[in-house]
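Student: Structure below; questions to follow.
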Amino acid sequence: MTETDKFTPQQIKLRERLCKHGLTMHAGGFNYDPLWPYGKMPVVSVWCETEEPTDEELKTLVTIAENRIQHFNPQVTDGLSAEGANMITVRKVGGLWTFRKLTWNQGPLWYPNRLPLEELHKVF
């Protein structure tokens with residue numbers, strides 16, 4: 001399976017945009033494995049099925065990730081990823097944002113309230 005089989009052209013474009021800012025796109029399932037075999041986990045990721053974030057929103061997402069990464073020992077971090085991170089995945093719907101945490105395995109899949117990004121990060 002190639003990348004173009006897995007993602008739409010819009011998703012590929014968004015992922016490239018996110019990567020330029022050091023952010024990642026989450027397209028997998030929602031399960032937490034404390035023995036994550038791939039090393040460090042992003043502290044913030046953007047869901048693959050999201051509305052296109054504005055440039056200002058991307059800057060805010062980077063700021064959120066930078067603030068979260070400061071809570072980790074620098075020896076376990078790499079860019080905006082860290083060992084043991086409970087990744088927060090965000091998505092934009094109807095111009096507002098919602099999130100979920102990697103370890104959530106009960107209840108609603110996404111935080112039930114949609115908020116402007118500058119308010120949403122105060123919730124987590």
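Student: Out of everything in region 41-52 that is surrounded by 12 or more Cβ atoms within 10 Å (Cβ to Cβ) and touching a helix residue (DSSP H, G or I) at 6+ places or on another chain (Cβ under 7 Å), what residue ends up being farthest from LEU23 (Cα to Cα)?
Tutor: CYS48
Student: So GLY107 fits all but one of (1) surrounded by 14 or more Cβ atoms within 10 Å (Cβ to Cβ); (2) out of contact with any Lys or Arg (no Cβ under 7 Å at 6 or more places or on another chain); what number is the exception?
Tutor: Looking at each condition in turn, GLY107 falls short on (1).
Student: If I ask for residues that are in contact with a strand residue (DSSP E or B) (Cβ under 8 Å, 6 or more places away or on another chain), within 18 Å of GLU51 (Cβ to Cβ) and not aliphatic (A, V, I, L, M), which ones from region 93-111 would you list?
Tutor: Passing the criteria: TRP97, THR98, PHE99, ARG100, TRP110, TYR111.
Student: For region 1-24, how many residues meet the condition of being of a type outside the set (Val, Ile, Thr), within 18 Å of the chain's Cα centre (by Cα) and modelled with pLDDT of 90 or more?
Tutor: Number satisfying all stated conditions: 13.
Student: Where in region 38-124 are the strands (runs of 3 or more DSSP E), entirely inside, with at least 1 residues that are under 14 Å from the mean Cα position of the chain (by Cα) and over 22 Å from THR8 (Cα atoms)?
Tutor: Working: elements: 44-47, 88-93, 96-101.
By residue number, 88-93, 96-101.
Student: Just give me the residues in region 67-85 being under 20 Å from LEU117 (Cα atoms) and either of a type in the set (Gly, Ala, Ser) or surrounded by 14 or more Cβ atoms within 10 Å (Cβ to Cβ) (or both), in sequence order.
Tutor: Of everything in region 67-85, those that are under 20 Å from LEU117 (Cα atoms) and either of a type in the set (Gly, Ala, Ser) or surrounded by 14 or more Cβ atoms within 10 Å (Cβ to Cβ) (or both) turn out to be ARG68, ILE69, LEU80.
Student: Give the residues of region 56-85 that are acidic (Asp, Glu), out of contact with any helix residue (DSSP H, G or I) (no Cβ under 9 Å at 6 or more places or on another chain) and closer than 16 Å to MET25 by Cα, sorted by residue number.
Tutor: Passing the criteria: none in range.
The values are calculated or read from the model by the stated rules, or taken from the named source; none is laboratory data. Here the structure is a predicted model, which is why all the values come from computation and not from measurement. Glycine also receives a Cβ, built like all others from the backbone with ideal geometry; neighbour counts cover every protein chain displayed.
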